[in-house]
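Participant: Sending over a structure as structure tokens; questions will come in a sec.
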Amino acid sequence: MSECRICFGTTGDEEEDEENVNNSRELIAPCLCNGTSRYVHRACLERWRETSHRAFTHCFECNFKYIVEYAFPLETYIFTQPAVLTRDFGRYLFGLLLFLLESFFFRYLDKLLGYPTLFYMEEWGYNTSQQLEILENDEIYSSSYYFSITVLFTSVISFLCFIYGVLVNVKRKKIYWEHMISKLLFYFICSIHFIWLHVIFGNTVYSFELFILTDSSCGIFNVFMFYKFLEEHNKIIIFINTQKNPSRLLEPPPDVVV
Ligand SMILES: [Zn+2]
Ligand SMILES: [Zn+2]
């Protein structure tokens, strides 16, 4: 008579409880173990699998990787840790270099085109001649200003790439966006502080300088904000895979070899 290798009980000989309803006292042979270790209660094994990451995927005795059937396809669109945290300084420095080049590029382009980034302020009726003087003559404010523009541009592009990536790679979009849309809006609005700080500070020369200082200081935190945002995304993907995707252990077909 077959018995469970964890609790040594057999099938159906236990007191009737809730678990019986979903067949958890069913004896299964989920791996290649043989003899007295061959069978295990589905419920006993599920409890055991919770105890470690290795136990969750593999049998400790025969090392067989459990065959798991999921109700929905697993989500795989997960971001790895950023370069600065994984001590991948090569990648980190490369990112920094790209950022600096981008900043020089915007500065050069803005000057070349006659400062189009100030045009919209004129449109709103502000006198931009003093702002222009600051950008042309003050190295610190000028660098900070183009740092801010680079941060804004990079942030918007990053979010657009992110949304594109989600649209292409996330399989269950409805449940994903239900949990993610408010986070996306929150982080996106925080990231485009250039726009709303401009509205608050941008209308006098004194405020223009204050705006530059405030916005470039905020800009330093954008990259951390985006990493935080990607972490939120990862959490939701893991939540969907573990909490919103019922799984069931299958028994290996008889012809499986070790
Ligand atoms: Zn058992
Ligand atoms: Zn086994």
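Throughout, read-outs are computed from the coordinates displayed, never taken from laboratory work. All of these numbers come straight from a predicted model, not from anything done at the bench. Positions of Cβ are backbone-derived with ideal geometry, glycine not excepted, and every protein chain shown enters the neighbour counts.
Participant: Gaussian network model of the chain, Cα springs within a sub-10 Å range: biggest mean-square fluctuation belongs to which of Y70, Y120, Y227?
Facilitator: Evaluated over the chain, the most mobile residue of the options is Y120.
Participant: Using only the Cα atoms of the range 98-162, build the gyration tensor, take square roots of its eigenvalues as a ≥ b ≥ c, and label the shape rounded, prolate or oblate: rounded if a/c is under 1.5, else prolate if a/b is larger than b/c, else oblate. Write down the numbers at each step before the final one.
Facilitator: On the way: a/c = 2.30, a/b = 1.47, b/c = 1.57.
Oblate is the answer for the range 98-162, as a/c is 1.5 or above yet b/c matches or exceeds a/b.
Participant: Does the range 159-200 classify as rounded, prolate or oblate by the C-alpha gyration tensor (a ≥ b ≥ c root eigenvalues; a/c under 1.5 gives rounded; else a/b over b/c gives prolate, otherwise oblate)? Don't skip to the end; give the middle numbers.
Facilitator: Values: a/c = 5.50, a/b = 2.25, b/c = 2.44.
Here the range 159-200 falls in the oblate category.
Participant: Now, a different point. So what are the ³J(HN,Hα) numbers for the range 182-196, from phi and the Karplus equation (6.51, -1.76, 1.60; θ = phi - 60°), rounded to whole Hz, Gly and Pro as x?
Facilitator: For the range 182-196, the Karplus-derived couplings read 5, 5, 4, 4, 4, 5, 5, 5, 4, 6, 9, 4, 3, 6, 7 Hz, x marking Gly and Pro.
Participant: What's the magnitude of the charge dipole for the chain around its Cα centre, counting Lys and Arg as +1 and Asp and Glu as -1 at the beta-carbon? Answer in Debye, nearest 20.
Facilitator: Details: 21 positive and 30 negative charges, 108 e Å.
Result for the chain is approximately 520 debye, rounded to the nearest 20.
Participant: If we count other beta carbons within 10 Å of each Cβ, what is the order of D215, D88, D110, D255, fewest first?
Facilitator: Values: D215 24, D88 14, D110 18, D255 5.
With the fewest neighbours first, D215, D88, D110, D255 line up as D255, D88, D110, D215.
Participant: Say a site is exposed when it is one of the trypsin sites (Lys or Arg not before Pro), sits in a DSSP loop, and has at most 13 other Cβ atoms within 10 Å; what is then the longest site-free stretch of the chain?
Facilitator: Values: sites that count: R87, K171.
The segment 172-258 is the longest one with no such site.
Participant: For C31, which sequence-distant residues (separation of 5 or more, or a different chain) have an amide H within less than 5 Å of its own amide H, given hydrogens modelled in the peptide plane?
Facilitator: The answer is none.
Participant: Further question: Along each principal axis of its Cα atoms, how long is the chain end to end? Whole angstroms, biggest number first, please.
Facilitator: The Cα atoms of the chain stretch 92, 37, 26 Å along the principal axes, largest first.
Participant: G9's amide H: which non-local residues (gap 5+, or another chain) put their own amide H closer than 5 Å, with H modeled 1.01 Å from N in plane and none for Pro or chain starts?
Facilitator: Amide H neighbours of G9, under 5 Å, 5+ apart: C4.
Participant: Taking the Cα centre of the chain as the origin and placing charges on Cβ (Lys, Arg +1; Asp, Glu -1), which of F208, V166, M121 is farthest toward the positive end of the dipole?
Facilitator: Comparing the listed Cα positions along the dipole, V166 ranks first.
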